[in-house]
Amino acid sequence: MQLSFSMSNCLMPHSRPLHGWASPASGVAGSCRALFLALALVAVALPAMAGSRSVTWYLDGSRVEQDLQVTGGYIEMSLPAAVQAGSLRVRPRGGARISRVQVVPVKPDHAVEKELIRLAEQQESLQDRLQALSVKEEIFKSAAKTQGGKAPRRTRTNPEPLTAIREGTDFAINRLEEVYRAKRRIERELKGLEKRQTALRQKGNGSGSMARIWLAGRQGQVQISYLTFGEGWQPRYDLRIGGAEAEIASWADLPRQEKGARVFVVPVRLVEASTAMAPLAVGQAPLSVGRLPVLSRQQEPGLQTVLTVVVRNETGTVLPAGTASGFWNGEFLGVAPLSGAKPGENLEVTFGR
């Protein structure tokens, strides 16, 4: 909000106006009254302000925590479509008392709902065409088999039976190829429709929900938390191989960036997690750095270096499966999949192949 006058003007005493002249103070006073009214309306229109937010990513989901300042005794909070049913928790802060919590589904936007209906009709039409093509496929398959199984008989009307059989077979096969191309095109269109429907549902929050929270008083703080399933973080490693040891540094690839949020990762799935596990903060530095003993190292002959190395996980923690960039004596050898390993287990990885 931009103001054309200072708040101090509302507090300054003003002289009495001269007869026949408009008082500057009356204009300022009117502006002050308008300002105070606007501030009051803003306070009513904004019942809650978002506070600190943290997201802890697991290999198959996340846990979201957010602090909220409530004014007016009521707050609404949108929950994502991927939220696990029953995972919402609301904790009072600073002496607040929660009187009621309600989770309701969110109805899609009218325009989004209309577009979803149109896409569903288009999807049904494509599926009908795909079914018709499947019938054509069977017909032309049968025709090709029939033509190929005919015995060549020369007649007055068919002096070249082999040529006629070959032409009939080629015709049936060509029509089959047309059917296959049409089916592939329709299948691609169906996949595109599914992606479009998913994007629209996420945009309109069609499968999401809304958390409604009532407090016993008009002022208070609450902390909400919930779990999401589906997307999780992906481990990424740098494996630098030297002599008898290899240095391993771990990083986190996140499904999306959380602006303004503190981000952490835990190297397990949600069902395996516990409160005793300390989350690792995601930042510019690697999550962890350790050294692994090299049990064997074999270089394959060729123009470019191909190296297979076996190391043992002696970091004391689980190394989840991910991808690894390999370095040998400082030379980058490429990226390879890295299978997970528990403490004490061996890892074999080949770089450069």
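The values are calculated or read from the model by the stated rules, or taken from the named source; none is laboratory data. As the structure is a prediction and not an experimental result, all values here were calculated from the model. Cβ: placed from backbone, ideal geometry, glycine included. Neighbour counts: every protein chain shown.
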Legend entry - Pair list, Cβ under 8 Å, 6 or more apart: the stretch 260-278 residue among the small types (Gly, Ala, Ser), other residue modelled with pLDDT of 85 or more: Gly260/Arg53; Ala261/Arg53; Ala261/Ser54; Ala261/Val55; Ala273/Tyr58; Ala273/Val266
Legend entry - Of all residues in the stretch 171-187 being under 15 Å from Ala132 (Cβ atoms) and of a type outside the set (D, E, K, R), the one that is surrounded by the fewest Cβ atoms within 10 Å (Cβ to Cβ): Tyr180
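Considering Phe327, Phe332, Phe264, which residue is loosely packed, with under 15 Cβ neighbours inside 10 Å, of a type in the set (A, V, I, L, M, F, W, C) and not assigned by TED's automatic domain parsing to the domain that holds Trp57?
Details: Phe327 fails: loosely packed, with under 15 Cβ neighbours inside 10 Å; Phe264 fails: loosely packed, with under 15 Cβ neighbours inside 10 Å.
Just one listed residue meets the conditions, Phe332.
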Inset, instruction - Output the number of residues of the stretch 98-141 satisfying the condition of being at pLDDT 90 or above, part of a helix (DSSP H, G or I) and more than 30 Å from Glu167 (Cα to Cα). - result: 11
Legend entry - Complete set of residues in the stretch 47-74 that are assigned to a strand (DSSP E or B) and more than 26 Å from the chain's Cα centre (by Cα): Ala48, Gln69, Val70, Thr71, Tyr74
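In this structure, does Pro279 turn out to be under 24 Å from the mean Cα position of the chain (by Cα) and either of a type outside the set (A, V, I, L, M, F, W, C) or farther than 29 Å from Tyr58 by Cβ (or both)? Reasoning before the result, please.
On the way: under 24 Å from the mean Cα position of the chain (by Cα): yes; either of a type outside the set (A, V, I, L, M, F, W, C) or farther than 29 Å from Tyr58 by Cβ (or both): yes.
Yes: the conditions hold for Pro279.
Quick check: anything in the stretch 288-304 closer than 22 Å to Asp60 by Cβ, surrounded by 13 or more Cβ atoms within 10 Å (Cβ to Cβ) and touching a strand residue (DSSP E or B) at 6+ places or on another chain (Cβ under 8 Å)?
yes
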Inset, instruction - Evaluate the stretch 147-161: report whether one residue or more is more than 44 Å from the chain's Cα centre (by Cα), exposed (fewer than 15 other Cβ atoms within 10 Å of the Cβ) and either part of a helix (DSSP H, G or I) or modelled with pLDDT of 75 or more (or both). - result: yes
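Table: residues versus (1) out of contact with any strand residue (DSSP E or B) (no Cβ under 7 Å at 6 or more places or on another chain); (2) outside any strand (DSSP E or B); (3) closer than 27 Å to Ala81 by Cβ.
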position: Ala172; (1), (2), (3): yes, yes, no
position: Lys183; (1), (2), (3): yes, yes, no
position: Glu189; (1), (2), (3): yes, yes, yes
position: Trp214; (1), (2), (3): no, no, yes
position: Gly217; (1), (2), (3): yes, yes, no
position: Val222; (1), (2), (3): no, no, yes
position: Tyr226; (1), (2), (3): no, no, yes
